[in-house]
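What follows draws every value from the coordinates through simple rules; no lab data is involved. Because the structure is a prediction, the values reported are computed rather than measured. So basically every Cβ, Gly included, is an ideal-geometry build from the backbone, and we count neighbours across all protein chains shown.
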Amino acid sequence: MKAAVFREIGKPLSIEDVQLPRLESDKEVLLKVKATGVCHGDLHVIMGDWQYEVPVNTPIILGHEIIGEVVEGGTKFQKGDLVMVYNAFGCKECKHCKAGYYQFCERVKVLGVHLNGGFAEYVKVPDEDFLMRVEGNPIQLAPLADAGVTAYSATRGIKEGDKVLVVGTGAVALLAIQILKSLKAEVSVVSRNPTRLAKAEELGADHVYYRKKTFPSLYTSIVGKKFDYIIDFVGSDETLDEVAWLLDRRGELRIVGEFGGQLSIPEQLLVLRGLKVQGILYGTMDDMKGVINLYNSGKLKTLAVPYYLDEINDALNDLMQERILGRAVIIPS
Ligand SMILES: [Zn+2]
Ligand SMILES: [Zn+2]
């Protein structure tokens, strides 16, 4: 089968003919890949940003946001079923797995990070219990599998009337804005990309703040406003700098993006305002069900931008150069 193989840090993925995966247990399922989204996580792996935290053994097929069609294996699905991969294969035994937070399992396996992923014609899924049946266009569905689940998980507990600041306008942020509007929150968005801010407005954002690159702080234009929640979809030094000052009393900062910034909050600010800080990594299977339901109700545009597998390095470049308005999705054939 054809696959995009990651061989060396900093190098383009190599399009190769590799062996079709072979099933070895009853739980395993072989999927014919219909669409796989391209995530910033793929770029982090390729650039070697995560080599200490999340070591990736090469060669490996990347791609962790996967929609496929069941070809063989397992007992719960029929041949031809369209499925979304919940891509955090936990041990099912530890306290995190038992609570449903498979993504925090110390033995978690992720396709496209620890095991071969979806930038290929076929992918082997280790456990059918982590598959969810879906209906619709696989290209449009793919961004839900990671970006959508993450956005849904990042907006948990937010309710009507809450003032929320969304930092960033990447694929996950643009999904979160729509989810927040479905919850009737008051949504503000800050970004240094005017085209994407216009998109955020089109998707329902109530207030948008454009930050010129020459401004000293990302938040200069928002001084004086207070938010119940700030969700940072970037996580860089720039987006974390001084951010806590914009939180209202009992406000909560949720950090989703993984650009490796350093967060520093004056301790007295934290205590006197009763602030909370939470990291958001992916989501639960319930989050996946929630985001699929919302998509099925027609309230979510996933903004998929399709590329063929042969064009995957173009997709990665376009993502790096911020040329994609939404989510790049790879179609293997
Ligand atoms: Zn991802
Ligand atoms: Zn576990």
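The mean of 1/r over all pairs of different alpha-carbon atoms in the chain, once inverted, gives a Kirkwood hydrodynamic radius of 20.3 Å.
Calculated FRET efficiency, E72 to D127, Cβ-Cβ distance, R0 = 22 Å: about 0.90 to the nearest 0.05. Here region 154-198 is scanned for amide nitrogen atoms under 11 Å from the site 7 Å beyond the Cα of K225 along Cα-to-Cβ, giving 163-167, 186-191.
If you sort the three axes of the alpha carbon gyration tensor as a ≥ b ≥ c, you get a/c of 1.5 or more for region 20-103 and a/b no higher than b/c, which makes it oblate. Computed from the Cα positions only, the extents of region 151-279 along the three principal axes stand at 39, 35, 27 Å, in decreasing order. Among F77, F89, the order by Cβ neighbours within 10 angstrom, fewest to most, reads F77, F89. Listed from fewest to most Cβ neighbours within 10 Å, the set V110, V172, V167 follows the order V110, V172, V167. Remark on region 68-186: Rg and Dmax equal 16.3, 48 Å (Cα only). Spacing of the modelled spin labels on L263 and R323, each 7 Å from Cα toward Cβ, amounts to 3.4 nm. Specify the inter-centroid distance of region 238-276 and region 1-33, based on alpha-carbon positions, in whole Å. When both Cα centres are located, 40 Å separates them. Applying 1/(1 + (r/R0)^6) with R0 = 22 Å to the Cβ-Cβ distance of H207 and N137 gives a FRET efficiency near 0.10. Mind running the shape call on region 204-260? Use the C-alpha gyration tensor, a ≥ b ≥ c as the square roots of the eigenvalues: rounded below 1.5 for a/c, prolate if a/b tops b/c, oblate otherwise. Rounded. Per residue of the chain, the DSSP helices (runs of n ≥ 4 H) give a summed -39500 (n - 2.57) that works out to -6000 deg cm²/dmol at 222 nm. Going by neighbour counts of Cβ atoms within 10 Å, the residues T239, T155 line up, fewest first, as T239, T155. Cross-link pairs exceeding 28 Å between alpha carbons, from the set K95/K226; K181/K212; K34/K159; K32/K184; K124/K299; K98/K181: K95/K226; K34/K159; K32/K184; K124/K299; K98/K181.
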